[in-house]
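What follows is a short report on a single structure.
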């Protein structure tokens, strides 16, 4: 008798017929695996990726409050708040943004440099799943840093960081983290060496972050500089995040939400398109 199965019958050792997709919708297992890999990567060096940024941000708070006086009032949206309470939320979200970008701009870039980019491109993951895992890992790191900085500031004397609108803290923290995560993915796609990513950090991310109203109220600026601040997307992230703690902001919350959400959508579509085409990723 022939050992071959009848025509049309799948051999017992094969679960699916050739050409029949096993993963029909979302590869949740692969998505979760890549996300966990990204999270474990920065957790293995958490002293550098979480605690060091938290300590650096706390030092900013100490230095600026000592230099300007913790009791010096700052007018935000027509309301006087102490300088320490004003600067604390901006420092928290600034640390989140910087670390979201740093995490996302590392993954694909180090794969290209070390020749392990196939580990990202070969698994049965769609472009959207790959982008979601990379972005999710960076957002997780951002919130870990933000929570650590918030905890340290809540224990610091003279600083009040109790949220008044928790939804605004979470919403603008998420919008800003996704914004910088997608910017980091875009940078890692474009960059060919670490110098390229460092150039984006030093000449784009850092200036826009420092000139976004983190350390000052834009109401005190000259009209030209105030106009520049209002075209800086970092300003809307920090203003909305600060609203969650102070209950007042330098700009309308709805406007900031629409601006940052629109930028997130555009960056997401751009990253998706470049990843799908394999631009600077596939030979």
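Key figures
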read-out: Output for the range 185-201, where each listed residue is more than 17 Å from the chain's Cα centre (by Cα) and surrounded by fewer than 20 Cβ atoms within 10 Å (Cβ to Cβ); value: 190, 192, 193, 194, 195, 196, 199
read-out: Among the residues listed as 123, 89, the single one being over 26 Å from residue 37 (Cα atoms) and out of contact with any strand residue (DSSP E or B) (no Cβ under 6 Å at 6 or more places or on another chain); value: 89
read-out: Residue match in the range 142-154 (condition: surrounded by 15 or more Cβ atoms within 10 Å (Cβ to Cβ), at pLDDT 90 or above and not in a helix (DSSP H, G or I)); value: no
read-out: Members of the range 217-250 that are out of contact with any strand residue (DSSP E or B) (no Cβ under 7 Å at 6 or more places or on another chain), surrounded by fewer than 18 Cβ atoms within 10 Å (Cβ to Cβ) and farther than 23 Å from residue 185 by Cα; value: 220, 221, 222, 223, 224, 225, 226, 227, 228, 230, 247
read-out: Residue check for residue 213: surrounded by 23 or more Cβ atoms within 10 Å (Cβ to Cβ), within 27 Å of residue 108 (Cβ to Cβ) and in contact (Cβ under 8 Å) with a residue 24 or more places away in the chain; value: no
read-out: Some residue of the range 237-245 being at pLDDT below 90 and either under 20 Å from residue 79 (Cα atoms) or under 17 Å from the mean Cα position of the chain (by Cα) (or both); value: no
read-out: Candidate set: the range 251-266, residues that are without any contact (Cβ under 8 Å) to a residue 40 or more places away in the chain and part of a helix (DSSP H, G or I); chosen: the one surrounded by the most Cβ atoms within 10 Å (Cβ to Cβ); value: 259
read-out: Residue within the range 209-219 that is within 15 Å of the chain's Cα centre (by Cα) and modelled with pLDDT under 95 present; value: yes
read-out: The range 49-80: number of residues that are under 29 Å from residue 178 (Cα atoms) and part of a strand (DSSP E or B); value: 1
read-out: Odd one out for residue 106, checked against (1) crowded, with 19+ Cβ neighbours inside 10 Å; (2) more than 30 Å from residue 81 (Cα to Cα); (3) free of Cβ contacts under 8 Å to residues at least 60 places away in the same chain; value: (3)
read-out: Looking only at the range 256-276, and only at residues there that are within 28 Å of residue 164 (Cβ to Cβ) and modelled with pLDDT of 95 or more, the one that is nearest to the chain's Cα centre (by Cα); value: 264
read-out: Residue within the range 169-185 that is within 19 Å of residue 104 (Cβ to Cβ), in a helix (DSSP H, G or I), at pLDDT below 95 and touching a helix residue (DSSP H, G or I) at 6+ places or on another chain (Cβ under 7 Å) present; value: no
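Every residue, every condition in (1) within 28 Å of residue 198 (Cβ to Cβ); (2) modelled with pLDDT under 90; (3) surrounded by fewer than 21 Cβ atoms within 10 Å (Cβ to Cβ); (4) within 13 Å of the chain's Cα centre (by Cα), yes or no:
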site: 82; (1), (2), (3), (4): no, yes, yes, no
site: 90; (1), (2), (3), (4): yes, no, no, no
site: 114; (1), (2), (3), (4): yes, yes, yes, no
site: 123; (1), (2), (3), (4): no, yes, yes, no
site: 129; (1), (2), (3), (4): no, no, yes, no
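The values are calculated or read from the model by the stated rules, or taken from the named source; none is laboratory data. Keep in mind that what you see is a predicted model, and the values were worked out from it rather than measured. FYI the Cβ positions are ideal-geometry reconstructions off the backbone, even for glycines, and counts take in every protein chain you see.
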